[in-house]
Amino acid sequence: MLVRLIYASRAVDPQSSEATEAILTSSRSHNPAWGITGILCYGNGIYLQALEGGRAAVNELYGQILRDPRHKDVVLLSYAEINERSFGGWTMGLVNLAKLNTSIVLKYSEKPELDPYAVSGDVALALLQELMVTASIMGRT
């Protein structure tokens, strides 16, 4: 059974790009064996991530994220059974939230700077899907 999990968190060290690079490297290395695909958005010290895959694998990975010292204030925005993946082409795509077009952000947010803590899981998913369609996702591998 496929599931999609979307969460937000804050970077423990928002000034360090090394943590984000390490998360991406680890994701791209381990996710294919687990059958997990997804997208990671990062900007202004905030992560917004969607994970898709088998229920057990996604649950296990989310448990690891909750224990990961690079994350704090982890909040589950959405968890749902799905019929098909939205982000199947990415072992872990990357979006730099700081470089998003303001009009895309304002479509889903009260302010021109996205705060995933202030949106619903459905809104977060709609934004992530639009980012995919508008080619805002980098790194297909």
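What follows draws every value from the coordinates through simple rules; no lab data is involved. Here the structure is a predicted model, which is why all the values come from computation and not from measurement. A quick note on method: Cβ atoms are made from the backbone with ideal geometry, for glycine too, and the neighbour counts reach across all protein chains shown.
Quick notes on this structure:
- Taking Arg67, Arg28, Arg55 as the candidate residues, the one with maximal mean-square fluctuation in a Gaussian network model of the chain, Cα springs under 10 Å, is Arg67.
- For the pair Asp73 and Lys107 in one chain, pulling the backbone fully straight at 0.36 nm per residue adds 9.7 nm over the alpha carbon distance.
- Given charges at beta-carbon only (K, R positive; D, E negative), |dipole| of the chain in Debye: 160 debye
- When GluC sites (Glu not before Pro) are flagged only if DSSP places them in a loop and at most 11 other Cβ atoms lie within 10 Å, the longest unflagged stretch of the chain comes out as 1-83.
- Near His71, the amide H atoms lying under 5 Å from its own belong to Val12; only residues 5 or more places off or on other chains count, and H is placed 1.01 Å from N.
- Entry for Cα extents along the principal axes in Å (calculated from the structure that is shown) out of (i) 37, 33, 25; (ii) 52, 35, 24; (iii) 56, 34, 26: (i)
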